[in-house]
Each structure stands twice: as structure tokens, then as C-alpha cells.
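A.B. asks: Once you've had a glance at the structure underneath, I'll fire off some questions.
The values are calculated or read from the model by the stated rules, or taken from the named source; none is laboratory data. On a predicted model such as this, the values are computed, not experimentally measured, just so you know. FYI the Cβ positions are ideal-geometry reconstructions off the backbone, even for glycines, and counts take in every protein chain you see.
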Amino acid sequence: MTTLSPKRPRLLRVQSWQDLSPHLRRIVFHSADLADYPFQCNGAHIKLFLPLPGQDVPQLPVVTAQGPQWADKADKPITRTYTLRSYDAAACTVSVDFVLHGDNGPASRFALAASPGLCIGISPPAGPVPMLKAAAHYLLAGDLSALPAIESMLHDMAPDARGDVLLWLPERADLRPLPLPAGVRLHSFFGDADRHAAFIDTLRQCRPDTDDCFVWLAGEAALVADGRALARQQWQIPLACCYAVPYWRRGQDEETYHQSRHDFMDSDGD
Ligand SMILES: Cc1cc2nc3c(=O)[nH]c(=O)nc-3n(C[C@H](O)[C@H](O)[C@H](O)COP(=O)(O)OP(=O)(O)OC[C@H]3O[C@@H](n4cnc5c(N)ncnc54)[C@H](O)[C@@H]3O)c2cc1C
């Protein structure tokens, strides 16, 4: 008898969905195959495998010691990276929060068209574990695509945690009540690209007051690049205390941007 690796990719089906705000949709996916999903923490990175146009079910990679392999390279699914917002082992479900940025991208389009039974593939979780590193002072900053991870980290914070959270959201109605510890201040920005300078200026004013800090930056590439330059070059925050991942780039789809993201992450920002 062969034992299935818990690290295998799985096929899931949309069970339900809910609009959390005008631009954020939570989709709950179900599969009995999730019973042994190797969950470690909310906020983990996951790959989603979307069916190609005309397909109902995406091809899944075969996991090998050399990495994922595709039985039919011509039939590779559209792959996107998202955040694991929650996992329920008893119910065999995972939740993912999708930014609804229009029908200009396959993942956003999938979320807009969500209906029970639609099929998607999911990788095992990856990324730092835990996402929130213990620190005396937290500085978390990002846009709506980073909110699922930021919310996950806020849930994990101790009640006496201190720090600042900066959010840049499409509109005021996208700001929902957050589980902020009393010592964590929220700075929110709404609207389009002209808020960039104000966002970075506020970030500059939120410099952690101790070396025992954790800086977490994610979202649009320009925000993360300027935020990381501030943290690493000006404040000299050590690499181990600074997560900085550009989640997407304005005007580029994931296929075009993928390599640049990895180049950015491979450089340590010093
Ligand atoms: C580790 C990690 C975790 C992530 N977690 C999440 C998450 O939980 N939820 C989430 O929604 N996204 C998340 N993202 C971002 C997501 O992977 C990208 O936004 C992705 O490009 C969306 O794919 P798409 O098919 O919708 O658009 P693409 O086909 O990649 O792009 C099409 C067009 O849409 C634009 N675009 C892409 N994303 C956005 C956006 N957020 N807002 C406005 N315009 C956009 C692009 O610039 C491009 O012009 C995460 C990314 C990473 C790396």
C-alpha cells in the first residue's frame, strides 16, 4: 500500500463565498482530501492552480525530490500565490481572501465568478513559520493583498503587543474592524497611486524604537521596495527582522513579474 505524502497538492471545490468588503472576497474551499493538510499557521503562502480556459479541473504537479514536475507541460495550470487565511481540519476546509481587482487577471476573475463546485488546486503551505516573529515592537505595512496575512498576524499577537500597522486600501469601506491589541496603532490610507508618498512618509515616522523589532512589508512592488529601503538601509534593521515581499506589480501580470519578485527577494536590500 502506498502512503500519500501530506505535502501533495490537492483539488478543492468552492463551498461558499462572502464579500468581506467591496474589494475583498473570502472563498471557502472544501475537500475530504484536506483532512491531513500539513497546516502550521494562518498567513502561510500557498500556490493556487487555476484551470486553463475551457477546463473544469486543473492539472496538479507531481511532487518529486527535484521539485514539482508536470506530466503534461502544455497543460500547466495558471499558478498564483495567495495567503492561507484559515484551515479547519474537522470541516476539511480552507479559506482564502481574494482582492477583487477586476476581470483583468485569472485569479481575480475566478474569485469574481465564484460559485459552489468550481474546482481549483492548492499546494501545501510554505513561507516563514510562524509568519509573526516574536518582537517587542511590530511594524506591519501593506495593501489589500497583504491584509489576509496582516489579519492573521494580528490574531497571533499577544494582548500587550506594541507597534504600528499601515494599510493602504482601495476605499474606506474596505477597512473592517481588526483585532488590534491596545498598544498597536492603525494608520489607514485610501485611494489610488497618489497616496504613495504619504504612505512612505508615515512609515518613516513609525520607526521602531527598539532593536527588538519585526518589520513586515507586503503588497504592490513600489510600496515594498521603498519600505524595505527605509528599514534596511536607513534604519539598519537586520535581514532576519525584516520580511519584505512584493506581492504584485502595477501593470504586470504574475507571469511577467514572477522573476523580478524573486530577484528582489534574493537581494537582501542592504
Ligand atoms: C506570498 C504572497 C501572498 C499573497 N496573498 C494574497 C492574498 O491573500 N490575496 C490576494 O488577493 N492577493 C495575494 N497575493 C497577490 C496575488 O498573488 C497577485 O495580486 C496576483 O497577481 C493576482 O493574480 P491575478 O490573476 O488576479 O492577476 P494577474 O494576472 O497577475 O495580473 C493582471 C493585472 O492585475 C493587476 N493586479 C494584480 N494584483 C492586483 C491587486 N491586488 N490589485 C490591483 N491590481 C492587481 C496586475 O498589475 C496586472 O495588471 C499574494 C502574493 C504573494 C507573493
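A.B. asks: Determine whether segment 81-93 contains at least one residue that is among the aromatic types (F, W, Y), out of contact with any Phe, Trp or Tyr (no Cβ under 9 Å at 6 or more places or on another chain) and surrounded by 15 or more Cβ atoms within 10 Å (Cβ to Cβ).
C.D. replies: No.
A.B. asks: Something else now. If you check T3 against the conditions, is it assigned to a loop (DSSP other than H, G, I, E, B) and on the phi < 0 side of the Ramachandran plot?
C.D. replies: So T3 fits the description; yes.
A.B. asks: Would you mind stating whether E220 is acidic (D, E), within 16 Å of the ligand (Cβ to nearest atom) and under 15 Å from L140 (Cα atoms)?
C.D. replies: When the stated conditions are applied, E220 passes them.
A.B. asks: Right, another one. Would you check which residues across segment 70-80 are surrounded by fewer than 17 Cβ atoms within 10 Å (Cβ to Cβ) and within 7 Å of the ligand (Cβ to nearest atom) and list them?
C.D. replies: none
A.B. asks: Give me the residue from segment 40-57 that is more than 21 Å from H101 (Cβ to Cβ) and within 16 Å of the ligand (Cβ to nearest atom) and, out of that set, nearest to the chain's Cα centre (by Cα).
C.D. replies: Out of the qualifying residues, it is A44.
A.B. asks: Report, ordered by the first and then the second residue, all pairs with beta carbons closer than 8 Å, sequence separation of six or more or different chains, a first member in segment 231-257 that is closer than 30 Å to C213 by Cα and modelled with pLDDT of 95 or more, and a second member that is near the ligand (Cβ under 7 Å from one of its atoms) and β-branched (V, I, T).
C.D. replies: Hits for this filter: Y247/T81.
A.B. asks: Filter segment 99-121 for residues that are within 7 Å of the ligand (Cβ to nearest atom) and hydrophobic (A, V, I, L, M, F, W, C); which is surrounded by the most Cβ atoms within 10 Å (Cβ to Cβ)?
C.D. replies: Here the residue is V99.
A.B. asks: Any residue that is of a type in the set (V, I, T) and at pLDDT below 95 - is there at least one of those in segment 128-141?
C.D. replies: Checked segment 128-141: at least one residue is of a type in the set (V, I, T) and at pLDDT below 95.
A.B. asks: Which residues, taken from segment 1-35, are charged (D, E, K, R) and at pLDDT below 95?
C.D. replies: Of everything in segment 1-35, those that are charged (D, E, K, R) and at pLDDT below 95 turn out to be K7, R8.
A.B. asks: Listed residues V96, V165, V129; which is more than 13 Å from the ligand (Cβ to nearest atom), among the β-branched types (V, I, T) and buried (at least 21 other Cβ atoms within 10 Å of the Cβ)?
C.D. replies: Criteria check complete, one pass: V165.
A.B. asks: Taking F190 and the conditions (1) closer than 26 Å to F39 by Cα; (2) within 16 Å of the ligand (Cβ to nearest atom); (3) surrounded by fewer than 18 Cβ atoms within 10 Å (Cβ to Cβ), which numbered condition does it fall short on, given that it satisfies the others?
C.D. replies: (1)
A.B. asks: Here is a further query. Within segment 242-262, can one find any residue that is farther than 28 Å from P106 by Cα, surrounded by 15 or more Cβ atoms within 10 Å (Cβ to Cβ) and more than 13 Å from the ligand (Cβ to nearest atom)?
C.D. replies: Yes, segment 242-262 contains a residue that is farther than 28 Å from P106 by Cα, surrounded by 15 or more Cβ atoms within 10 Å (Cβ to Cβ) and more than 13 Å from the ligand (Cβ to nearest atom).
A.B. asks: What single numbered condition from (1) away from the ligand (no atom under 12 Å from the Cβ); (2) over 15 Å from the mean Cα position of the chain (by Cα) fails to hold for P124?
C.D. replies: Answer for P124: the failing condition is (2).
A.B. asks: For segment 195-239, enumerate the residues that are of a type in the set (F, W, Y) and under 20 Å from G127 (Cα atoms).
C.D. replies: If the condition is that a residue be of a type in the set (F, W, Y) and under 20 Å from G127 (Cα atoms), then F214, W216 are the ones that fit.
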